[in-house]
């Protein structure tokens, strides 16, 4: 199937309630017709992180209105939509249930197919919507919930090359901010504080640097930050700035090593067959300027194009979910039955192994 | 008016198709499934529609239980109901589980006031008092068990729901002590509800159970 497709997307996997209508042209070009995101930042800020039950409560109150608004902005009715795509994992189960049930009911009522989309696939395919990127390419997803390096080979064909064995990168930022009494979300707060700090005052660990496997680890860094802060408490503004700057430096050096190895591996694997290799970044941490500079430098050095979609498409949104649904439908992949279950754990790469600590339930993402 | 009723607030997962004009439940489907409401609800709705020989296009209103009950279960039903309402262009209304339990009890003893009391665990209960005609006498609330035992010691009506045993020694014969809703009652209450009161919204009666993280941070100079 390669007709012109209009897809309604629904995203509720974490703390953004979002709905969007995306158009996919026959030639594969994409256009966002309507896009609405309601952030729950305020509701969670006093807790220094996302509280699942609060998130689920907010999703169910807001979602239908947002869908109406997205359709309105797109200037289409539900009957003019070709399919409904809803995030069904991985993520917080309470939120996933709200989005998926709304999607199921709307699909059943309108007779449209339902695509239960993997949230990570949404991030993975965004660069094809924004930049028309051809397969294969590498994607680095760095958010509050995920830290993954993924080889994107084709629609539905992904290899997880690296993932975090403990905390996500965004989580490390949030926890550092919380420890230092900075506001939530931690990413922007830590970055702001770091601007006036000395990145060489503290020598924080750079976990897994030097290891051949491409995984990440940030919990040791978090502990080191806490110990450093406690050892000099009470902390001054300058101490906070120095800790933040040193923390960012440690992360930058870790990523340089980890991602650098990934780029080299990509070049080896696709030597001769991929003329213009590309690294795409996604996730809220992609907003961090130090991280961006590090990735840009790495890409320049290795002959990669560095693609950073606009920030509102890097963070959680429904346009990417609609787009993933459109790509699946255009590729002739089957829609889902209405008994499909949400999956709090759902690795994009079916072969992904559960890492230490994730136990019998298998890989988280 | 054809009402599609949905109940996923407890361990049961039920759908019913009700004709308000005839005051008749045309068909219902479902089971006490414990878990898996999100997976099974659509099939039960399809079955109820098929058995009533109606299509979704015939439905004029969606009625859904809004709790109290399982937070997750409530949201499964409410999200589905609001999705149906949006896609079909019909109103959705919420039906309180306490009101549905009381209405069932009223069928047994029509002349008496009803106290619907559900075990909320943690030594608390969800409760509400209704007049014999179904009008609420109190708001739905969560009350500590010991307080409820004092407050309702001299209650002059019948008691229903899973917390009945905590409140009275001898339950009224024929009155249910379970928290399962009758889907026909849910549909009838939904048909009588006023859609102008707004979209169905969960009746949790209990906060999200989170602690502020103040105190986590290191001391500042």
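The values are calculated or read from the model by the stated rules, or taken from the named source; none is laboratory data. As the structure is a prediction and not an experimental result, all values here were calculated from the model. Virtual Cβ from ideal backbone geometry, glycine too; neighbours counted across all protein chains shown.
Brief remarks on what is shown
- Any hit, the stretch A:68-76, residues being modelled with pLDDT of 95 or more and not in a helix (DSSP H, G or I): yes
- Note on the stretch B:193-203: residues that are surrounded by 13 or more Cβ atoms within 10 Å (Cβ to Cβ) and either more than 11 Å from the chain's Cα centre (by Cα) or more than 8 Å from chain A (Cβ to nearest Cβ) (or both) total 6.
- Where residue A:144 falls short, out of the listed (1) touching a helix residue (DSSP H, G or I) at 6+ places or on another chain (Cβ under 7 Å); (2) in a loop (DSSP other than H, G, I, E, B); (3) surrounded by fewer than 24 Cβ atoms within 10 Å (Cβ to Cβ): (3)
- Single residue of the stretch A:1-13 satisfying the filter (modelled with pLDDT of 95 or more and either out of contact with any strand residue (DSSP E or B) (no Cβ under 9 Å at 6 or more places or on another chain) or not in a strand (DSSP E or B) (or both)) that is farthest from residue A:54 (Cα to Cα): A:4
- Verdict on residue A:28 being away from chain B (no Cβ under 13 Å), under 20 Å from residue A:126 (Cα atoms) and either out of contact with any helix residue (DSSP H, G or I) (no Cβ under 6 Å at 6 or more places or on another chain) or part of a helix (DSSP H, G or I) (or both): yes
- Given (1) at negative phi; (2) within 11 Å of chain B (Cβ to nearest Cβ); (3) in contact with a helix residue (DSSP H, G or I) (Cβ under 8 Å, 6 or more places away or on another chain), index of the condition residue A:48 fails: (1)
- Residues being under 14 Å from residue A:201 (Cα atoms) and either in contact with a helix residue (DSSP H, G or I) (Cβ under 6 Å, 6 or more places away or on another chain) or within 13 Å of chain B (Cβ to nearest Cβ) (or both) - total across the stretch A:216-226: 1
- Screening A:231, A:196 for residues that are over 26 Å from residue A:133 (Cα atoms), surrounded by fewer than 22 Cβ atoms within 10 Å (Cβ to Cβ), modelled with pLDDT of 95 or more and more than 14 Å from chain B (Cβ to nearest Cβ) leaves exactly one candidate, A:196.
- Some residue of the stretch A:32-45 being out of contact with any helix residue (DSSP H, G or I) (no Cβ under 6 Å at 6 or more places or on another chain) and not in a helix (DSSP H, G or I): yes
- Note on the stretch A:86-132: residues that are closer than 25 Å to residue B:87 by Cα and away from every other protein chain (no Cβ under 14 Å) amount to 5.
- Residue within the stretch B:119-135 that is part of a helix (DSSP H, G or I) and closer than 27 Å to residue B:4 by Cα present: no
- Among the candidates B:220, B:151, B:188, the residue that is away from chain A (no Cβ under 14 Å) and free of Cβ contacts under 8 Å to residues at least 12 places away in the same chain is uniquely B:151.
- Among the residues making up the stretch B:93-106, those that are outside any loop (DSSP other than H, G, I, E, B) and touching a residue at least 40 places away in the same chain (Cβ under 8 Å) are B:93, B:94, B:95, B:97, B:98, B:99, B:100, B:101, B:102, B:103, B:104, B:105.
- For the stretch B:163-191, filtering for residues that are part of a helix (DSSP H, G or I) and surrounded by 14 or more Cβ atoms within 10 Å (Cβ to Cβ) leaves 12.
- Selection status of residue A:64, closer than 19 Å to residue B:83 by Cβ and in contact (Cβ under 8 Å) with a residue 40 or more places away in the chain: no
- The single condition among (1) over 19 Å from residue B:209 (Cβ atoms); (2) surrounded by fewer than 19 Cβ atoms within 10 Å (Cβ to Cβ); (3) over 19 Å from the mean Cα position of the chain (by Cα); (4) free of Cβ contacts under 8 Å to residues at least 60 places away in the same chain that residue A:76 does not meet is (4).
- Of all residues making up the stretch A:316-343, the number that are within 14 Å of chain B (Cβ to nearest Cβ) and either at pLDDT below 95 or not in a loop (DSSP other than H, G, I, E, B) (or both): 1
- Residue in the stretch A:219-236 that is under 21 Å from the mean Cα position of the chain (by Cα), in a helix (DSSP H, G or I) and over 20 Å from residue A:199 (Cβ atoms) present: yes
- Among the conditions (1) more than 14 Å from chain A (Cβ to nearest Cβ); (2) touching a residue at least 24 places away in the same chain (Cβ under 8 Å); (3) out of contact with any helix residue (DSSP H, G or I) (no Cβ under 8 Å at 6 or more places or on another chain), residue B:160 misses just one, which is (3).
- Residue in the stretch A:173-199 that is nearest to residue A:257 (Cα to Cα), counting only those that are assigned to a loop (DSSP other than H, G, I, E, B) and out of contact with any helix residue (DSSP H, G or I) (no Cβ under 7 Å at 6 or more places or on another chain): A:195
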